[in-house]
1. Please compute one quarter of the surface area of the Cα convex hull for the chain and express it in square nanometres.
2. In the chain, with Lys and Arg counted as +1 and Asp and Glu as -1 at Cβ, which of these residues, 45, 14, 69, has the Cα nearest the positive end of the dipole, that is, farthest along it?
3. For the chain, take the longest principal axis of its alpha carbons; what is the angle in degrees between that and the long axis of helix 2-34, to the nearest 10 within 0 to 90?
4. Which whole-number percentage describes the relative contact order of the chain, with Cα contacts under 8 Å and a sequence gap of 6 or more?
5. When a footprinting reagent is the concern and you count Cβ atoms within 10 Å, what order do 89, 124, 105, 39 take, fewest first?
6. Rounded to the nearest 20 debye, what is the charge dipole size of the stretch 29-141 about its Cα centre when +1 sits on each Lys and Arg Cβ and -1 on each Asp and Glu Cβ?
7. Compute the FRET efficiency between residue 30 and residue 2 as 1/(1 + (r/R0)^6), taking r as their Cβ-Cβ distance and R0 = 41 Å, and round to the nearest 0.05.
8. Give a residue-ordered list of calculated ³J(HN,Hα) values for the stretch 124-131 (Karplus: 6.51 cos²θ - 1.76 cosθ + 1.60, θ = phi - 60°; whole Hz; x for Gly, Pro).
Amino acid sequence: MEIYTLKFLHFLAIFIAGGVGVGGAVIQSVHAKAKQAPSPLVGRSMQILGFLGLGSLVVLWLSGLRLVGVIYPGADLGTAFIIKLTGASALLILSILANLHIYKSSKNKTPPNANFMKPITSLSRVALVFVLAGAVVTFNN
């Protein structure tokens, strides 16, 4: 039963993180093309999405580590798994940095610094590719 609960939480967190990632990218893209800052309401929504994304990454980490411990105790899952963990670590760190910056910006009632956020967004996408590629190779059964 523990494995099913952990997998459910893990997949739910993937679903939330994916929705946040796609939704956030669409909102940013629309505002960038319009050369318009988000309204305060949209900014608040993006802040909430950021916290949801960060929370889902934490759930992914906790459930994923426990799943590995339950399903593959003591197993060396190989280089692809290390690549997956490296990408996941980068994604978590970048999400924390972005959330802290957005929180600070909203507290100061200023828009987020695009020069700070753009590389974080790009690096997060690269990290996600490593996570997905590492997972595909590691868990190919």
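What follows is calculated from the coordinates using simple rules that are stated; it is not laboratory data. Computed from a predicted model, the values in this text were never measured in an experiment. Positions of Cβ are generated from backbone atoms using ideal geometry, with glycine treated the same way; all protein chains shown enter the neighbour counts.
1. That works out to 9.1 nm².
2. 45
3. In the chain, helix 2-34 runs at an angle near 30 degrees to the longest axis.
4. 30 percent
5. Placing the least packed residue first, the sequence is 39, 89, 105, 124.
6. On the way: 10 positive and 1 negative charges, 122 e Å.
That gives the stretch 29-141 a dipole magnitude of about 580 debye.
7. 0.45
8. Listing the rounded values in order: 5, 5, 5, 4, 5, 4, 4, 4 Hz.
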